[in-house]
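Visitor: Attaching a single structure in structure tokens format; questions to follow.
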Amino acid sequence: MSPIPLGIFAASAAKIIRAGYFAGGVGLGSTVNKFTFPLDIRSILATGLSFTENGPSGFANSGVAGYFAGGNSSIATVDKIAFPDDSRTTLGTGLSVARGDATPMSNSGVAGYVVGGGSYSTVVDKFAFPSDSRTTLGTGLSTARAYAGGMSNQGVAGYSGAGYDGGRLTSVEKFAFPSDTRSTLGTGVTTAAASVAGMANSGVAGYISGGNTPGTITTVNKFTFPADTRSVLGTGLATARNNHKGMANSGTAGYFGGGNTAGTLYSDVEKFAFPSDSRSILATGLSAAGYGVSAMANEAV
């Protein structure tokens, strides 16, 4: 038998590293926190974001790269974090309209999406993988919104739920992959809320948590795929919060981190184990308390 070069083993090992990332907003700024799965060990990337804006949107092409896009109303920049070395580049083409507080969705291997945001936009920008070429969907949101929660069922659909259009919303809009046809779920979130967070256990269920009603809440809404039936977790967030973000390692756990309520900023990261949805809090949270953060994950999909 011919010997196998050790470099092959090294390359294979690098490809199976999975991790979640939190970045941006008030508190973290350009800093990127990385939580390596499954032990949730936190490190800080040597190279952070190229910008420090509040409210960027994070999405990922698992196994390849993650992206942080936009922020506030003045930036269209999209930074790309290559997996597994976490090197950063900035796309030559950013968002079609500078905006923050948009909803991220991703269909790994196919495209990432930045939905709505800004001053209550209907615009949906689509970045095709692996070229990162940008188009804008002909059919955007039916209701202009910002501060919504995003979740994705890989290969099936992406969702933008709740948010704000001048008033708080309960509706959840669904974009079927790969056609990007839009529909609205018959059942939305239980309470009209803005500044919610979303994440998903791909193939099983998506989750929308917390938010401003205008009081902050601990509620976690669960939408079971593929029927999109809604339930409410018996155990919600440990701490009521808004302006937080979520990411997930499908098949294992989802995470909600950062946020604020009544002037108090949070650095803790709450973990919901799949499929039981039992909640714990990571021993090590974000490197700084903050809100308006963004998140994405190189997950096991």
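Visitor: Tally time: how many residues in segment 83-110 are among the aliphatic types (A, V, I, L, M) and either in contact with a Cys (Cβ under 7 Å, 6 or more places away or on another chain) or free of Cβ contacts under 8 Å to residues at least 40 places away in the same chain (or both)?
Guide: Result for segment 83-110: 3.
Visitor: Cβ-Cβ distance below 7 Å, separation of 6 or more or different chains: which pairs start in segment 222-234 with a residue that is closer than 15 Å to residue 156 by Cα and end on one that is part of a loop (DSSP other than H, G, I, E, B) and small (Gly, Ala, Ser)?
Guide: 225/203
Visitor: Residues to consider are 132, 125; find the one that is more than 30 Å from residue 278 (Cβ to Cβ), crowded, with 24+ Cβ neighbours inside 10 Å and not polar (S, T, N, Q).
Guide: Selected residue: 125, the only one of 132, 125 that is more than 30 Å from residue 278 (Cβ to Cβ), crowded, with 24+ Cβ neighbours inside 10 Å and not polar (S, T, N, Q).
Visitor: When only residues in segment 1-33 that are at pLDDT 90 or above and closer than 17 Å to residue 252 by Cα count, which is surrounded by the most Cβ atoms within 10 Å (Cβ to Cβ)?
Guide: Per the criteria, the residue is 20.
Visitor: With the requirement that a residue be assigned to a strand (DSSP E or B) and aliphatic (A, V, I, L, M), what does segment 114-158 give you?
Guide: 114, 115, 124, 128, 146, 151, 157
Visitor: Further question on the same structure: Just one of the numbered conditions (1) in contact (Cβ under 8 Å) with a residue 40 or more places away in the chain; (2) of a type in the set (Gly, Ala, Ser); (3) surrounded by fewer than 24 Cβ atoms within 10 Å (Cβ to Cβ) is not true of residue 179; which one?
Guide: Unmet condition: (1).
Visitor: Right, another one. Are there any pairs, at least 6 apart or on different chains, whose C-beta atoms fall under 8 Å, with the first in segment 41-67 and over 18 Å from residue 28 (Cα atoms) and the second surrounded by 17 or more Cβ atoms within 10 Å (Cβ to Cβ) and of a type in the set (A, V, I, L, M), and if so, which?
Guide: Between residues of segment 41-67 that are over 18 Å from residue 28 (Cα atoms) and residues that are surrounded by 17 or more Cβ atoms within 10 Å (Cβ to Cβ) and of a type in the set (A, V, I, L, M), the close pairs are 60/296; 60/297; 62/297; 62/301; 65/81.
Visitor: Looking only at segment 86-113, count how many residues are touching a strand residue (DSSP E or B) at 6+ places or on another chain (Cβ under 6 Å), more than 12 Å from residue 55 (Cα to Cα) and assigned to a strand (DSSP E or B).
Guide: Selection size over segment 86-113: 8.
Visitor: Quick check on segment 280-297: of everything there that is within 19 Å of the chain's Cα centre (by Cα) and of a type outside the set (A, V, I, L, M), which residue is surrounded by the fewest Cβ atoms within 10 Å (Cβ to Cβ)?
Guide: 287
Visitor: Any residue at all in segment 273-282 that's more than 23 Å from residue 114 (Cβ to Cβ), acidic (Asp, Glu) and modelled with pLDDT of 95 or more?
Guide: Looking for residues that are more than 23 Å from residue 114 (Cβ to Cβ), acidic (Asp, Glu) and modelled with pLDDT of 95 or more, one finds at least one in segment 273-282, hence yes.
Visitor: Follow-up. Report, by residue number, each residue of segment 52-82 that is buried (at least 20 other Cβ atoms within 10 Å of the Cβ) and either among the hydroxyl-bearing types (Ser, Thr, Tyr) or assigned to a loop (DSSP other than H, G, I, E, B) (or both).
Guide: Residues satisfying the conditions are 53, 54, 55, 56, 57, 62, 67.
Visitor: Let me ask something else. Which of (1) within 21 Å of residue 278 (Cα to Cα); (2) at pLDDT below 95 does residue 223 not meet, given it meets every other one?
Guide: Only one criterion in (1) within 21 Å of residue 278 (Cα to Cα); (2) at pLDDT below 95 is unmet by residue 223, namely (2).
The values are calculated or read from the model by the stated rules, or taken from the named source; none is laboratory data. Bear in mind that the values here come from a model prediction, so they are computed numbers and not experimental data. Here the Cβ is made from the backbone with ideal geometry for all residues, glycine too, and neighbour counts use every protein chain on show.
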